[in-house]
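To start, the structure under review is shown below, and the notes come after it.
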Amino acid sequence: MNSSLLLQYLKILDKKERKELSLFLQSPFHNTQVEVTELFDYLCRHLDSPSVVFEKTAVFTTIFPGKKNFNDVLLRQTMSALTHLIRQYLAWKSLQNDSGTKNLLLIKSLQERQAERLFERELNDAFTDLERQPHRHADYHRQRFDLFAEESKVLNRRQRSGDLRLQEMHDELTQFYSSELLRQAATMHSHQSVSKRHYEQPFLPDILRGVLDGKLQSVSVSAYYFAHRALSKDAEVGDFQELKNIIVVHWQSFPSSELRDLYLLAINFCIRQLNRGVESFNREALDLYKNGLNNGALLENGNITPYTYNNALRLAIKTDDWAWAESFLITFKNKLPAREREATFRYNQALFFFRKKDYPQAMTLLQQVNTKEVLYNLDARQMLMRIYYDLGEWSALDSLLESFKIYLHRQNNIGYHRESYLNLIKFTNKILKTDLSNAKQRDILRGQIEATTLVTEKGWLLEKLVSF
């Protein structure tokens, strides 16, 4: 029973939702089976206990106290009924936050009942509500299409030869389809670079010509047109700048989840440029992070992911924006997920002081990094390694290199990172044992490092040879 669909549904509900669902179940409009409510109450009382194991007989006896014999079919029917009602509740809850869908369903009902005076009133109100909200994304055009389609049905009953809103339907459907197709094209470009998969897009050329000819002009179409262009093989910086300008100026035209995707597509372009060695895009990427954090687009339910937190700080450090970096660390600390907050904050604070070469502060913080996140631990160790080297703490460095190697061999799920960090340890040891005053030995070691594909902090290792 612990792996049942019912319990899976109950476990995704928070305490507020369970309370709301309790009221939902008590309404005779939704539920007339007392046993269903009893089952819900019983499960909720014990659901959060970490060691709970629901046993069918015990559950049955509790919700059917008058039944002497266990009836598996009856219990399953009751569980199925409760599962069905939870699904209904979740659909109802989602609908409460979607005024456009509620308006459309009401209008459809009035149209089917041929209640034309009420229909016209609600249709006008729906159009007004739609225009009042700030979003002008693809779904805005889909909602306009749906409303025109319902109006067309009524007009068609009245007069088949008059204006049936066919042009309006066509225009809105074209904007919706074009925007969604360009959005998919941009996403495909982004995914293609990682997966190496080829995607067929037979209708894309027609959409692109429509944009160039000026036939498709909307905020949503323009945003995804330039996102698609920026991530294509023949991308130009101008395409990125157009996309960035749309995001910064028209950010309110998109719902938060879609706006976040646009930011990430733009940041993806910056990453590609950085991989090609165009360092100026550190500033461009940081500007996008700053802007997206200020308007909340890069937050998820008000929280910042450790990934975003790490990236924003690293970009600030690379651009020497120390004042913003220090402020950012503190300002967004409490927006990190509670479970990862302290470890993520301490790691990034240590990185901040390390890059500033405030080694005493960095060492204190690095020794406090206590997390199950392996990549944090790996990076913390390599930072300590570099600090010991720069400070000439040779005994501490030898000890760390040995313990670092043991730690790496104990990790089973870090893929190429193991080889990359093991090579860092190997070459650090070689530097320590090589007579760096001998130019020939330096050149041999430099060649070995440069010829090794997987090696963390390759630049730092080469720097130690050059700076000698």
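The values are calculated or read from the model by the stated rules, or taken from the named source; none is laboratory data. Quantities reported herein were computed from a predicted structural model and do not represent experimental measurements. Because the Cβ atoms are built from the backbone with ideal geometry, glycine has one as well, and the counts that use them run over all protein chains shown.
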Looking at (1) crowded, with 19+ Cβ neighbours inside 10 Å; (2) closer than 26 Å to Pro134 by Cβ; (3) not β-branched (Val, Ile, Thr), which one does Glu242 not meet, given that it meets all the others? (1)
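If you check Ile330 against the conditions, is it more than 23 Å from Phe281 (Cβ to Cβ), surrounded by fewer than 16 Cβ atoms within 10 Å (Cβ to Cβ) and either touching a Cys at 6+ places or on another chain (Cβ under 6 Å) or aliphatic (A, V, I, L, M) (or both)?
Values: more than 23 Å from Phe281 (Cβ to Cβ): yes; surrounded by fewer than 16 Cβ atoms within 10 Å (Cβ to Cβ): yes; either touching a Cys at 6+ places or on another chain (Cβ under 6 Å) or aliphatic (A, V, I, L, M) (or both): yes.
When the stated conditions are applied, Ile330 passes them.
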Unique residue being of a type in the set (A, V, I, L, M), in a helix (DSSP H, G or I) and out of contact with any helix residue (DSSP H, G or I) (no Cβ under 8 Å at 6 or more places or on another chain) when the list is Ala312, Ala323: Ala323
Conditions (1) at pLDDT below 95; (2) farther than 29 Å from Tyr263 by Cα; (3) of a type outside the set (D, E, K, R); (4) surrounded by 14 or more Cβ atoms within 10 Å (Cβ to Cβ): number failed by Gln367: (4)
Applying the selection to the range 332-363, what residues are assigned to a helix (DSSP H, G or I), in contact with a helix residue (DSSP H, G or I) (Cβ under 9 Å, 6 or more places away or on another chain) and of a type in the set (A, V, I, L, M, F, W, C)? Ala343, Phe345, Ala350, Leu351, Phe352, Phe353, Phe354, Ala362, Met363
Within the range 104-138, the residues that are over 25 Å from Glu180 (Cβ atoms) and either among the basic types (Lys, Arg) or in contact with a Pro (Cβ under 7 Å, 6 or more places away or on another chain) (or both) are Arg113, Arg117, Arg121
Quick check on this structure: which one of Leu436, Leu461, Leu432 is of a type in the set (A, V, I, L, M), surrounded by 13 or more Cβ atoms within 10 Å (Cβ to Cβ) and outside any helix (DSSP H, G or I)? Leu436
Among the residues of the range 61-75, write down those that are within 19 Å of Asn31 (Cβ to Cβ) and touching a Lys or Arg at 6+ places or on another chain (Cβ under 9 Å). Leu74, Leu75
